[in-house]
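A.B. asks: Have a look at the structure that comes next, please.
The values are calculated or read from the model by the stated rules, or taken from the named source; none is laboratory data. Treat the numbers as computed from the prediction; the structure is a model and nothing was measured. Ideal geometry is used to build each Cβ from the backbone, glycine not excepted, and the neighbour counts take in all protein chains shown.
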Amino acid sequence: MMNRLFAASFALTAPFTLLAAAQQPSVRVEPPQLQGSRPVEKQTEVSVIRDYLQSWKTLDTALNQNDASALDASFVGTARDKLASTIEEQTALGLHTRYTAESHDLQIVFYSPEGSSIELIDTVEYHEQVMDHDKVLADKPMHQRFVVVLTPSQVSWRVRIFQASSQ
């Protein structure tokens, strides 16, 4: 009886587990290439990368729901202001956008001596879908390099600068 319950439970949850795993982007982290800055402790590196990857989920939620307040969990300063402006513009047009990251290639390139900021480069592959309600107006694969500066807050690192750059 117990085996049948386990098998039935697994049969019901396995598709959801596989779906959740399929939605996670692949992440490759290069060793830091620090120039003129302090070394990055492993714990700091892990938390910066974790919080940065979470910021992509926050970005997708905010742009998909046209909710600038959702940005507050992961973005501050210039990055938050620019993204909030984008949300305002697409809301005025009656649109929303979905971002689905497929892969991140990350490298930390600077850590300020006082620990108040950390810079990383992310070469990311993602899909961008522009939507009008449930109708897809545009769906395009993107390959973009971002320069990102994060600053620590009370409990996490937040994105302060989120700038697409030419490769």
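A.B. asks: Looking only at region 152-162, how many residues end up being out of contact with any helix residue (DSSP H, G or I) (no Cβ under 8 Å at 6 or more places or on another chain) and closer than 16 Å to Phe110 by Cα? Steps first, please.
C.D. replies: Our first condition is that a residue be out of contact with any helix residue (DSSP H, G or I) (no Cβ under 8 Å at 6 or more places or on another chain); within region 152-162, this holds for 152-155.
Now drop any that are not closer than 16 Å to Phe110 by Cα, which leaves 152.
Count: 1.
A.B. asks: Tell me whether region 138-148 contains one or more residues that are at pLDDT 95 or above, of a type in the set (Asp, Glu), surrounded by 15 or more Cβ atoms within 10 Å (Cβ to Cβ) and not in a helix (DSSP H, G or I).
C.D. replies: no
A.B. asks: Would you pick out the residues in region 79-115 that are in a loop (DSSP other than H, G, I, E, B), among the hydrophobic types (A, V, I, L, M, F, W, C) and exposed (fewer than 14 other Cβ atoms within 10 Å of the Cβ)?
C.D. replies: Leu93
A.B. asks: Considering only residues of region 65-78 that are of a type in the set (S, T, N, Q), in a helix (DSSP H, G or I) and without any contact (Cβ under 8 Å) to a residue 40 or more places away in the chain, which is surrounded by the most Cβ atoms within 10 Å (Cβ to Cβ)? Reasoning before the result, please.
C.D. replies: Step one: of region 65-78, the residues of a type in the set (S, T, N, Q) are 65-66, 69, 74, 78.
Retained after the next criterion (residues that are in a helix (DSSP H, G or I)): 65, 69, 78.
With without any contact (Cβ under 8 Å) to a residue 40 or more places away in the chain added as a condition, the list becomes 65, 69.
Working: Gln65: 12, Ser69: 10.
If we take residues in region 65-78 being of a type in the set (S, T, N, Q), in a helix (DSSP H, G or I) and without any contact (Cβ under 8 Å) to a residue 40 or more places away in the chain, then Gln65 is surrounded by the most Cβ atoms within 10 Å (Cβ to Cβ).
A.B. asks: Would you check if Arg80 is modelled with pLDDT under 95, out of contact with any Cys (no Cβ under 8 Å at 6 or more places or on another chain) and of a type in the set (Lys, Arg)?
C.D. replies: When the stated conditions are applied, Arg80 does not pass them.
A.B. asks: Right, another one. Just to be sure, is Ala84 within 14 Å of Ala62 (Cα to Cα) and touching a residue at least 60 places away in the same chain (Cβ under 8 Å)?
C.D. replies: no
A.B. asks: Ok, one more. Just one of the numbered conditions (1) farther than 24 Å from Arg28 by Cβ; (2) more than 17 Å from the chain's Cα centre (by Cα) is not true of Ser166; which one?
C.D. replies: Ser166 satisfies every listed condition except (1).
A.B. asks: Residue under question is His127, and the condition is that it be touching an Asp or Glu at 6+ places or on another chain (Cβ under 7 Å) and either without any contact (Cβ under 8 Å) to a residue 24 or more places away in the chain or farther than 27 Å from His96 by Cα (or both); does it hold?
C.D. replies: No.
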